[in-house]
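Scroll down for the structure; my scribbles are underneath it.
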Amino acid sequence: MKRKWIIWLIVLILALCCIGALLGGAAYYYYTNQLAAAPVQAPEPVVKIFYPSNLDQLPFGSVIPVGVEAVVPQGNQITLLQLWADGKLVGQLSGSTASLTASWGWAPDGRNEHTLVGRAFNQEGEDGTGLIRVQVQRDLPDADQDGIADQDDDCPAVVGAAQWNGCPPAAAGE
């Protein structure tokens, strides 16, 4: 009687192993077919603004050269490279290569901080960006560093306020 139970137990274990193998094979087949059916997406472009550098201080009143480079790995292609300054398109370059490099002249429209963004698109429309911030300052001399150029400062050697033409209140007659 004991032998009969042992044989039934072995048959049951073998049947469960076969069922497990069939279920595992079906799951593997389903999983690999899902991966193969999924569309392969081209990698996003990597964009770098190589001139000027982030946080550079630039002179106001001149055209600033800005260099941008975009690359995309794994043999894909960059189709468009753009430069944006404070949300305005400065320039763009079309192409169909694994990397694009371009330079544009940008004339800041005012002093203070500006944001420059390089943006590139691959052949599937995916985009990548690179961003820097620059400080545009007055390029006129300001010996006392009060923010008023020496040519407009009535007291260029003394720190003063703009409302008194760069002089302190006592020198301005206040």
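Odds and ends about this structure:
- Only protein heavy atoms count here; on that basis, with a 1.4 Å probe, Y51 has an accessible area of about 110 Å².
- Partner lysines for K88 [C-alpha distance under 27 Å; skip if fewer than 8 residues away on the same chain]: K48
- Distance between the modelled labels on K2 and I19, one decimal in nanometres: 2.8 nm (7 Å Cα→Cβ projection).
- Solvent-accessible area of the stretch 1-109 (1.4 angstrom probe, protein heavy atoms only): carbon and sulfur portion equals 66 percent.
- Computed over neighbours whose Cβ is under 12 Å from that of N76, the net charge equals -3, Lys and Arg +1, Asp and Glu -1.
- Net dipole in debye of the stretch 94-166 [+1 Lys, Arg Cβ; -1 Asp, Glu Cβ; about Cα centre; nearest 20]: 380
- Amide H contacts of S99 (H built 1.01 Å from N, under 5 Å, at least 5 apart or other chain): I78
- Label selected from (1) 1.95; (2) 2.08; (3) 2.15, the criterion being Cα Rg over 2.2 N^0.38 Å as computed here: (3)
- Chain lengthening between L12 and Y31 when straightened (0.36 nm per residue, less Cα-Cα): 4.0 nm
- Nearest 10 degrees, 0 to 90: helix 2-37 Cα axis against the chain principal axis: 30
The values are calculated or read from the model by the stated rules, or taken from the named source; none is laboratory data. Just so we're clear, the structure is a prediction, and the values are computed from it rather than from any experiment. Every residue, glycine as well, gets a Cβ built from its backbone with ideal geometry; the counts of neighbours run over all protein chains shown. To get the accessible areas, we keep the full protein, side chains included, count just its heavy atoms, and leave off ligands, DNA and RNA. Shrake-Rupley method; radii C 1.70, N 1.55, O 1.52, S 1.80 Å.
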